[in-house]
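Written out below as structure tokens is the structure these notes cover.
The values are calculated or read from the model by the stated rules, or taken from the named source; none is laboratory data. Only a predicted model underlies this, so the values are computations on that prediction, with no experimental measurement involved. Heads up, the Cβs are rebuilt from the backbone with ideal geometry, glycines too, and the neighbour counts pull from every protein chain shown. Surface areas here come from the heavy atoms of the whole protein model, side chains and all, with no ligands, DNA or RNA. Shrake-Rupley method; radii C 1.70, N 1.55, O 1.52, S 1.80 Å.
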Amino acid sequence: MSNKILVTGATGTIGKAVVKALLQQNKSFVAAVRNAATASEKLGNEVDLVTFDFDDPTTFEAATNGVDKVFLLGPPLVLTLDKLLTPFIDFLNTKGIKRVVYVGALGMEKLTDLPFHVNIIQKLKDESFDYTILKPSFFAQNFKNYEWENITQRNITFTPAGNGKVGFVDVNDIALVAIKVLTEDGHSGKEYDITGPETLSYTDAASILSAVTNKKIFYPNPTPEEYTDALKNAGAPHFVAPYMVSVYALIANNNVNVISPVVEELTGKKPTSLREVLQADFS
Ligand SMILES: NC(=O)c1ccc[n+]([C@@H]2O[C@H](COP(=O)([O-])OP(=O)(O)OC[C@H]3O[C@@H](n4cnc5c(N)ncnc54)[C@H](OP(=O)(O)O)[C@@H]3O)[C@@H](O)[C@H]2O)c1
């Protein structure tokens, strides 16, 4: 066993944090990337890269050379993510690489109109993979990644999340949990909810944003219809609004109003708060 980990989604929000933590802990890994030139700008020159695309099975063999564990992460906003990932999961099965740590999402069982995570996890179970499922809550980094202009230019955070609460989680904490389960025994067949230290509403988040930016940030609490109209007027592809409305309904319906002890139990550190992440991202 080489103990070499293949990290998919390596240039993304979680993936970059996983790569950073693997480097810091001196673990054996290779980052699977679609474009090596842009990836090395994002990840640095010391990271071992291999060309990989879920959409291109000719990349699978070289990407998995000497690999015996896979950190499997699918991109967001892909309605048929299960179809995108199936050829690679089938490939892993055929090649006998059975250890897979998959990134799902907290509350995904309630997303009956977006069943891709549930379908992928069922496939891993049905095909006897040696799996561990990570179920992170909404990322604290979503504010910077998806709402930068709303917050810095329009003084709003604009999501159809109602008055529900959620335990925003720092992606660096997700990465630390991922590395634990990838490099330690005892996590096979387990599913871990991963949250921050407290549950907060978007009104609470707007107050924190106001404090860290030193200006009043509002949460207008848009209805799904108002949110859909706003995205349409902004020219977003038509599938984005229904996807986001479904996802944010998890918060509005208090389906993800939970705090999990997993970060501290597995890593020994207390989870980072939303305030700490926003402080770093916006001040
Ligand atoms: N945001 C949240 O609050 C949240 C909460 C819970 C769970 N999740 C889950 O987390 C996942 C998203 O993670 P993230 O935010 O880290 O994603 P992200 O930042 O959008 O990054 C997506 C990654 O996937 C790669 N990618 C895209 N298409 C690919 C393809 N065809 N083949 C191979 N790689 C491809 C991208 O590479 P390039 O650099 O080449 O584009 C990038 O590295 C989703 O499954 C989502 O459901 C998100």
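Only Cα sites of region 100-148 enter the Debye sum here, all with the same form factor; the resulting log10 I(q)/I(0) across q = 0.22, 0.24, 0.27 1/Å is -0.82, -0.90, -1.00, listed in q order. Surface composition of the chain: carbon and sulfur make up 49 percent of the accessible area, probe 1.4 Å.
Return one number: the angle in degrees, 0 to 90 and rounded to the nearest 10, between the long axis of the Cα atoms of helix 13-24 and the longest principal axis of the Cα atoms of the chain. That works out to roughly 50 degrees.
Here's the picture: charge each Lys and Arg Cβ at +1 and each Asp and Glu Cβ at -1 in region 12-133, and of A31, F88, A63 the one pushed furthest to the positive end of that dipole is A31. The shape of the chain can be summarised by an equivalent ellipsoid whose semi-axes, obtained from the alpha carbon gyration tensor, come to 32, 20, 19 Å from longest to shortest. Its relative contact order, with pairs defined as Cα atoms under 8 Å and 6+ residues apart, puts the chain at 19 percent. Taking every pair of alpha-carbon atoms in region 28-85, give the share separated by more than 14 Å as a whole percent. Across region 28-85, Cα pairs with separations above 14 Å total 59 percent.
Beta bridges assigned by DSSP with both partners in the chain are antiparallel in approximately 5 percent of cases. FRET efficiency for the K215 to D113 pair, using the beta carbon distance and R₀ = 51 Å, is estimated at 0.90. Once the trypsin sites (Lys or Arg not before Pro) in DSSP loops with at most 13 neighbouring Cβ atoms within 10 Å are cut out of the chain, the longest remaining piece is 1-214.
In region 143-205, Cα pairs under 8 Å separated by at least six residues give a relative contact order of 45 percent. Here the chain is scanned for GluC sites (Glu not before Pro) in DSSP loops (not H, G, I, E, B) that have at most 16 other Cβ atoms within 10 Å, and the longest stretch holding none of them is 199-283. Per the Kirkwood definition applied to all pairs of different Cα atoms, how many angstroms is the hydrodynamic radius of region 146-243? Kirkwood radius, region 146-243: 15.9 Å. A 1.4 Å probe run over the protein chains yields, for the chain, 46 Å² of accessible area per residue, whole-number rounding.
Projecting the Cα atoms of Y146, T159, P136 onto the dipole axis of region 122-167, where Lys and Arg carry +1 and Asp and Glu carry -1 at the beta carbon, places T159 farthest toward the positive end. The slack between D55 and Q122, meaning 0.36 nm per residue of separation minus the straight C-alpha distance, is 22.0 nm.
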